[in-house]
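Quick one: the structure is below, questions incoming.
The values are calculated or read from the model by the stated rules, or taken from the named source; none is laboratory data. Just so you know, these numbers come straight off a predicted model, no measurement behind them. Counting neighbours? That spans all protein chains shown, and the Cβs are built from the backbone with ideal geometry, glycine included. Ligands, DNA and RNA are stripped out before the accessible areas are found, and what is left, the full protein with its side chains, is counted by its heavy atoms. Shrake-Rupley method; radii C 1.70, N 1.55, O 1.52, S 1.80 Å.
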Amino acid sequence: MTSSDLVLVLNAGSSSLKYQVVREPGGDALLRGVVERLGPDGLPAALDELTARLAGAGPVEDLTAIGHRVVHGGDRHTRPELVDDALLESIEELSALAPLHNPPALDVLRRAIGAWPALPHVAVFDTAFFADLPLTAATPAIDRDLAARAGIRRFGMHGTSHAWVAEQSAIHLGSTGGDLAVVTLHLGSGASAAAIRNGRPLETSMGFTPLEGLVMGTRGGDLDPGILLHLLRLGWDADRIGDLLHHHSGLQGLSGTSDFRDLLGAVDNGDEAARSAYDVYCHRIRKYVGAYLAVLDGADAVVFTGGVGENVPRVRADALAGLDRLGIEVDDHRNDHAGAGPATISTDRSRVTVLVVPTDEERAIARQVHALLRGAQA
């Protein structure tokens, strides 16, 4: 690797493929894009289209590495790693814990290795940021020996995004060296919350899998496990329950659509199911914000990011409505005109600053890829 590296980052999500070509150090993006609303078979075509676009971009001929976002690394992968056959096999094994995410990431990894076999490929895991969660947050309250044998703990996801947003919030607030406490809300097709103090996570809403926590596009978040036992007794098997939890819950299950733009359109057209889904969505966010203020013993900031968090002012306003006694007040004008951010959207009298901070998982991944490969060279 040279002192200046050109890193292609591929970020395969549950419903999208984002990509950037980033020069590190410095984080200059030479090329970026996103393919959204991908169906079950859309990822290969999207990657083929991306490969063709990259072939026509001059600077891309100088690529030095490929970085890949992988959601679930379990307790095996807690830092960026060079991709080899053993790592691909491990990611495939962990797909049982993240069936909407690890398989498309694995597909992209294999296709990218085929397209650029001479370049180093690096996997960056979303769960890595939460590897050192306090035991009180990471430990499930089930049989201790069983949990140890089965590797059951809170892993957390969206870690790359939460870490990036917490860092950028500190920069925005001028508190890079201080004891900053923030509640970060990554709201997209998938959604999660985290409580972070001075750059280190103390709690997060996703758990052993990406199913727990906030209401999401097709996942319902928190659910009484007794409901699953009830369904088993009614004759449902594990595969049918898994399909329900991953594909037919959340906004999809409540309203019939998983896309937030379509949901808001239905709300505005008077659809009662859509309105109910929206209200449940905002209520769950509000509940987690309150809980994480308690975990942090008060927060300096609540931070919105992700496709919904960055682009839907009404969610930010409605999710934090009625929290003035907790010191959180959103300014309507600032909220409506926040733009791309980073932006402060709270009132001047709000004890807790409310921010909109764009996430940049691709840049964060490129930075980690550069650091890993420069370290390997040294």
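About the Cα centre of the range 155-284, what is the dipole size in debye to 20, counting +1 per Lys and Arg Cβ and -1 per Asp and Glu Cβ, all else neutral?
Computed charge dipole of the range 155-284: roughly 260 debye.
Under the √(5λ) rule applied to the eigenvalues of the Cα gyration tensor, what semi-axes describe the equivalent ellipsoid of the range 127-252? Give them in Å, descending.
Result for the range 127-252: semi-axes of 31, 18, 9 Å.
Given R₀ = 22 Å, what would the calculated FRET efficiency be for Ile171 paired with Glu36, taking r from the Cβ atoms and rounding to 0.05?
Between Ile171 and Glu36 the formula returns 0.20.
To the nearest 20 debye, what charge dipole does the range 72-133 have about its Cα centre, counting +1 at the Cβ of each Lys and Arg and -1 at the Cβ of each Asp and Glu?
That gives the range 72-133 a dipole magnitude of about 200 debye.
Take the Cβ-Cβ distance between Thr51 and Leu223 as r, set R0 to 35 Å, and report the resulting FRET efficiency rounded to the nearest 0.05.
0.35
With all protein chains present, how much of the accessible area of the chain (probe radius 1.4 Å) comes from carbon and sulfur, to the nearest whole percent?
Carbon-and-sulfur percentage of accessible area, whole number: 50.
Share of antiparallel DSSP beta bridges in the chain, in percent to the nearest 5?
Roughly 65 percent of the beta bridges in the chain run antiparallel, per DSSP.
Now for a separate question. Where in the chain are the helices, taken as whole DSSP H runs, whose Cα atoms extend 27 angstrom or more along the long axis and whose Kyte-Doolittle mean reaches at least -0.5?
Helices passing the filter in the chain: 272-296.
Using a Gaussian network for the chain with springs between C-alpha atoms less than 10 Å apart, which of these wobbles most: Pro44, Pro103, Pro201?
The residue that fluctuates most here is Pro44.
Sticking with this one: Under the Kirkwood approximation for Rh and a Cα-based Rg, what ratio Rg/Rh is obtained for the range 298-378?
Rg/Rh: 1.17.
Okay, next question. At a 1.4 Å probe radius, which order do Glu272, Glu167 fall into by accessible area, largest first?
Order by accessible area, largest first: Glu272, Glu167.
So what's the Cα pair-distance distribution over the range 180-271, bin width 10 Å, in %?
16, 37, 29, 16, 2
Among Ala194, Gly178, Leu254, which residue has its Cα positioned farthest towards the positive end of the charge dipole of the range 137-272, with +1 placed on the Cβ of Lys and Arg, -1 on the Cβ of Asp and Glu, and the dipole taken about the Cα centre?
Final value for the positive-end residue is Gly178.
Quick one: dipole size for the range 113-231, taken about the Cα centre, charges +1 on Lys/Arg Cβ and -1 on Asp/Glu Cβ, in debye to the nearest 20.
Approximately 140 debye in magnitude.
Write down the accessible area per residue of the range 75-159 in Å², having rolled a 1.4 Å probe over the full set of protein chains.
Per residue, the range 75-159 has an accessible area of 50 Å².
Further question on the same structure: Could you state how much accessible area Tyr292 has, in square angstrom rounded to the nearest 10, with a 1.4 Å probe and all protein chains kept in place?
Near enough 10 Å² of accessible area.
Rounded to the nearest 10 Å², what accessible area does Leu87 show when all protein chains are kept and the probe is 1.4 Å?
Here the residue's solvent-accessible area equals roughly 10 Å².
Using mean Cβ contacts within 10 Å as the protection proxy, how do 367-373, 343-349 order, highest first?
The packing order, highest mean first, is 367-373, 343-349.
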